[in-house]
Amino acid sequence: MNYIKKLIAIWAAKSAIVVSKLLGKKGSSGPGSIALKIYPHILKDLASKVKKEILIVCGTNGKTTTNNMLYNLLTANGYNVVCNKVGANMLEGITTAFIHSATLWGNLNADYASIEVDEASAVKIFDHLSPSKILITNLFRDQLDRYGEIDITIKLLSKALEKVPEAKLILNGDDPLTARFGYNTGRKCYYFGVDQDLNISLNETKEGRFCTICGAQLQYHYYHYSQLGNYYCSSCNFKRPSLDFKAFDVRLQDGLLFSVSYDDTTVAFNVNYKGFYNIYNILASMSVAVLVGIDIHGMNHVFSQYKPQIGRMETFQLGKPVIFNLSKNPAGFNQAISTVLQDHRTKDIMVVINDNAQDGRDISWIWDVDFERLVDPTITSYMASGIRKEDVAVRFKYAGIDQQNITVEGNIKSAIIDLVSRSGEVCYILVNYTALFHTQNILKSLEKSGNWKGTDTDLN
């Protein structure tokens with residue numbers, strides 16, 4: 001009977017995937033939801049068929065990019081891999097990814113599963129699969145009305161980890177909130193980080209200002225952004241752990257140049273990515289790949305060929321470069337702003353903020369974003385858009401931006417056409433989550449049709 005239910009669940013979900021794609025939708029979560037209602041054990045059943053290991057990537061920022069980099073490293077070495085590449089990281093989305101990789105008869109030819117997991121959903125997901133390695137990228141405040149303050153996320157992750165005591169942890173050693181999961185634990189832990197003071201720290205809000213062990217304020221030899229850096233507690237023995245995978249000799253001009261050492265091996269990397277934070281994404285995916293036995297020496301080529309996921313400093317050509325980036329919380333926005341300012345061309349900037357349920361209704365976090373740094377001579381104009389466009393415009397005003405240079409436009413297509421008509425050599429568009437796919441579709445359409453030249457009268 002269970003086998004029949006399993007087949008019906010797979011057939012129904014695969015049909016739903018096809019229909020969703022015919023309708024122009026992603027079909028990344030709905031099919032899994034259907035399958036779970038028909039056969040609640042479908043994910044557990046399929047996950048048990050993975051031949052080698054199930055690898056989990058979670059954390060606040062960078063997990064989609066990191067998970068896809070890990071997927072590329074594995075497949076480049078000839079492995080078959082189940083992966084939720086589009087970032088559907090809750091139970092239903094993960095179920096969809098497994099069903100998509102399965103045959104109509106419920107077989108699964110997968111060496112590894114590389115799975116991105118939502119931090120708040122990990123407790124439920126770990127009832128359905130047993131990972132051998134869990135990577136945590138970082139922990140920042142995100143979607144306050146869903147997650148609450150960061151200590152709630154830490155409690156949820158701690159509860160999830162208790163369910164998989166045999167899993168090894170790969171942790172961002174530069175993040176005290178992440179590294180604390182390896183403190184005084186009996187399980188095997190590995191740490192990655194940037195072992196160099198780059199003098200790029202900002203006067204921004206630190207999520208983990210206080211020691212999670214004793215409560216005293218943490219001290220820093222140096223820090224990179226938010227709470228990431230070389231920290232120590234003067235009241236107890238908590239400090240940044242010894243790094244197993246460490247980046248050094250970092251240069252941020254014309255892409256990312258850096259070296260990585262682990263054990264007695266040092267390898268140089270040169271990748272054409274934007275954003276210092278991508279060094280952490282590379283380090284994280286590399287660490288897991290090395291630990292499953294992949295040779296680090298061939299990784300630079302894989303990273304060089306990697307194409308960022310939707311909205312990760314994605315570039316469109318609308319008569320000039322339009323660079324598009326997802327920034328969904330203060331840490332992400334501040335890093336995006338740093339990347340914008342590293343570009344010395346003149347530029348126009350647009351910020352799109354929605355407050356749909358998936359974004360979080362509470363957008364008070366925009367006051368923790370260092371928009372003051374956008375008062376820069378290379379930025380010629382500012383556009384506020386999205387459902388909360390007026391809030392963005394007010395935040396621009398209080399950041400010290402000249403109100404005469406601020407435009408408020410709710411229609412995103414109209415806003416983009418206006419933006420690219422301006423004098424800057426390049427445009428940057430920073431969006432939060434539910435604006436991501438809609439804005440990307442508009443950019444794709446404009447790039448393909450050429451209607452950004454002002455020939456299109458339909459801006460709806």
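The values are calculated or read from the model by the stated rules, or taken from the named source; none is laboratory data. Owing to the predicted nature of the structure, the values given are computational and were not obtained by experimental measurement. Virtual Cβ from ideal backbone geometry, glycine too; neighbours counted across all protein chains shown.
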- Out of 129, 73, 108, which single residue is among the aliphatic types (A, V, I, L, M), surrounded by fewer than 20 Cβ atoms within 10 Å (Cβ to Cβ) and assigned by TED's automatic domain parsing to the domain that holds residue 300? 108
- Taking segment 188-214 and keeping only residues that are farther than 15 Å from residue 228 by Cβ and touching a strand residue (DSSP E or B) at 6+ places or on another chain (Cβ under 6 Å), one is left with 188, 189, 190, 210
- Message: Looking only at segment 283-332, how many residues end up being assigned to a helix (DSSP H, G or I) and crowded, with 19+ Cβ neighbours inside 10 Å?
- Response: 16
- Note on the structure: Within segment 239-282, the count of residues that are among the charged types (D, E, K, R), more than 21 Å from the chain's Cα centre (by Cα) and part of a loop (DSSP other than H, G, I, E, B) comes to 5
- Message: Suppose we keep only residues that are under 20 Å from residue 335 (Cβ atoms) and of a type in the set (Gly, Ala, Ser) within segment 206-262. Which one would you say is surrounded by the fewest Cβ atoms within 10 Å (Cβ to Cβ)?
- Response: 255
- Query: Taking into account only those residues within segment 347-379 that are part of a helix (DSSP H, G or I) and not polar (S, T, N, Q), which is nearest to residue 428 (Cα to Cα)?
  - Reply: 374
- Item | Members of segment 16-40 that are assigned to a loop (DSSP other than H, G, I, E, B), modelled with pLDDT of 90 or more and surrounded by fewer than 15 Cβ atoms within 10 Å (Cβ to Cβ) | 40
- Query: From the residues in segment 380-398 that are β-branched (Val, Ile, Thr) and not in a helix (DSSP H, G or I), which one is nearest to the chain's Cα centre (by Cα)?
  - Reply: 387
- Taking the residues in segment 44-61 that are over 29 Å from residue 173 (Cα atoms) and not in a loop (DSSP other than H, G, I, E, B) as candidates, determine which candidate is farthest from the chain's Cα centre (by Cα). 45
- Message: Of everything in segment 274-299, what is under 16 Å from residue 59 (Cβ atoms) and at pLDDT 95 or above? Give them in sequence order.
- Response: 279, 280, 281, 282, 283, 284, 285, 286, 287, 288
- Message: Looking at segment 375-402, I want the residues that are within 21 Å of residue 345 (Cβ to Cβ) and have a partner that is among the basic types (Lys, Arg) and buried (at least 21 other Cβ atoms within 10 Å of the Cβ) with Cβ atoms under 8 Å, at least 6 apart or on another chain. Which pairs are those?
- Response: 378/347; 379/347; 380/347
- Flag for residue 103 being farther than 30 Å from residue 8 by Cα and either at pLDDT below 95 or assigned by TED's automatic domain parsing to the domain that holds residue 13 (or both): no
- Note on the structure: For segment 52-80, pairs from a residue that is closer than 22 Å to residue 311 by Cβ to a residue that is part of a helix (DSSP H, G or I) and basic (Lys, Arg), with Cβ under 8 Å and 6 or more apart or across chains, are 57/63
- Note on the structure: Scanning segment 111-136 for residues that are among the charged types (D, E, K, R) and assigned to a loop (DSSP other than H, G, I, E, B), the one modelled with the lowest pLDDT turns out to be 118
- Task: For segment 128-142, state whether one or more residues are of a type in the set (Lys, Arg) and free of Cβ contacts under 8 Å to residues at least 12 places away in the same chain.
- Result: no
- Task: With respect to residue 155, determine if the residue is assigned to a helix (DSSP H, G or I), of a type in the set (D, E, K, R) and out of contact with any Ser or Thr (no Cβ under 7 Å at 6 or more places or on another chain).
- Result: yes
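Table: residues versus (1) closer than 15 Å to residue 172 by Cα; (2) outside the structural domain of residue 183 (by TED's automatic domain parsing); (3) touching a Lys or Arg at 6+ places or on another chain (Cβ under 8 Å).
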{"residue": "213", "(1), (2), (3)": "no, no, yes"}
{"residue": "218", "(1), (2), (3)": "no, no, yes"}
{"residue": "223", "(1), (2), (3)": "yes, no, yes"}
{"residue": "226", "(1), (2), (3)": "yes, no, yes"}
{"residue": "231", "(1), (2), (3)": "yes, no, yes"}
{"residue": "234", "(1), (2), (3)": "no, no, no"}
{"residue": "251", "(1), (2), (3)": "no, no, no"}
{"residue": "262", "(1), (2), (3)": "yes, no, yes"}
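Quick grid of which residues meet (1) among the aromatic types (Phe, Trp, Tyr); (2) at pLDDT 95 or above:
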site: 360; (1), (2): no, no
site: 367; (1), (2): yes, no
site: 370; (1), (2): no, no
site: 374; (1), (2): no, yes
site: 382; (1), (2): yes, yes
site: 386; (1), (2): no, yes
site: 391; (1), (2): no, yes
site: 396; (1), (2): yes, yes
site: 399; (1), (2): no, yes
- Residue, farthest from the chain's Cα centre (by Cα), within segment 300-337, restricted to residues that are hydrophobic (A, V, I, L, M, F, W, C) and within 17 Å of residue 61 (Cα to Cα): 337
